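Please read the structure below before turning to the comments.
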Amino acid sequence: MGSVERIASKFRDEGLRMTPQRQVVFEILQASDAHPSAEAVHAEARKKFPSLSLRTVYQTLHDLERLGEVQLLELGTGQARFDPGVERAHHHLVCERCGRVDDLFAELPSLELDAEASRGYRVNRAEVVFRGLCQSCREGTDASA
């Protein structure tokens with residue numbers, strides 16, 4: 001994710017209002033490496049803006065996704081997660097117990113689909129998700145606490 005100033009400029013260029021509430025959402029994402037859910041961003045942002053609605057957070061996150069500043073992740077953790085680390089291609093590790101999500105920077109062999117396997121799809125990108133238990137869960141402590 002780019003700098004808060006650059007993202008604010010992109011919002012303005014798109015005709016979107018730049019508000020202090022949106023700026024705090026940007027700042028929370030910048031400071032996080034946890035791939036937060038909208039609800040987690042909302043909870044953190046409400047510390048500064050108690051009346052901030054979850055709808056505003058969702059709208060801001062989806063605007064960021066549309067502008068290519070975050071990636072929406074559907075990882076089977078029960079909530080959509082948002083990844084601000086879009087500058088460098090990567091995969092994800094997901095803890096099956098606590099739902100923790102970490103980036104995985106690993107070179108994987110190229111995967112080519114032939115016409116039959118692709119069923120007529122034109123594939124633009126692929127994601128690999130590795131599932132298991134994070135170190136905290138393996139050691140009996142909850143990583144999400």
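A few points about this structure:
- Residue within the stretch 33-56 that is at pLDDT below 90 and in a helix (DSSP H, G or I) present: no
- The residues in the stretch 81-99 that are closer than 22 Å to residue 67 by Cα and assigned to a loop (DSSP other than H, G, I, E, B) can be counted, and the count is 7.
- Cβ-Cβ contacts under 7 Å between residues 6 or more apart (or on different chains), taken from a first residue in the stretch 26-55 that is in the same structural domain as residue 8 (by TED's automatic domain parsing) to a second residue that is among the aromatic types (Phe, Trp, Tyr) and surrounded by fewer than 20 Cβ atoms within 10 Å (Cβ to Cβ), are listed as 38/58.
- Enumeration of residues in the stretch 41-79 that are over 17 Å from residue 103 (Cβ atoms), under 12 Å from the mean Cα position of the chain (by Cα) and among the hydrophobic types (A, V, I, L, M, F, W, C): 41, 61, 64
- If you filter the stretch 57-81 down to residues that are under 22 Å from residue 19 (Cα atoms), crowded, with 18+ Cβ neighbours inside 10 Å and charged (D, E, K, R), you find that the one that is modelled with the highest pLDDT is 63.
- Qualifying positions in the stretch 110-130 - surrounded by 10 or more Cβ atoms within 10 Å (Cβ to Cβ) and in a loop (DSSP other than H, G, I, E, B): 113, 123, 126, 127, 128
The values are calculated or read from the model by the stated rules, or taken from the named source; none is laboratory data. Predicted, not measured: the structure shown is a model, and the values here were computed from it. Heads up, the Cβs are rebuilt from the backbone with ideal geometry, glycines too, and the neighbour counts pull from every protein chain shown.
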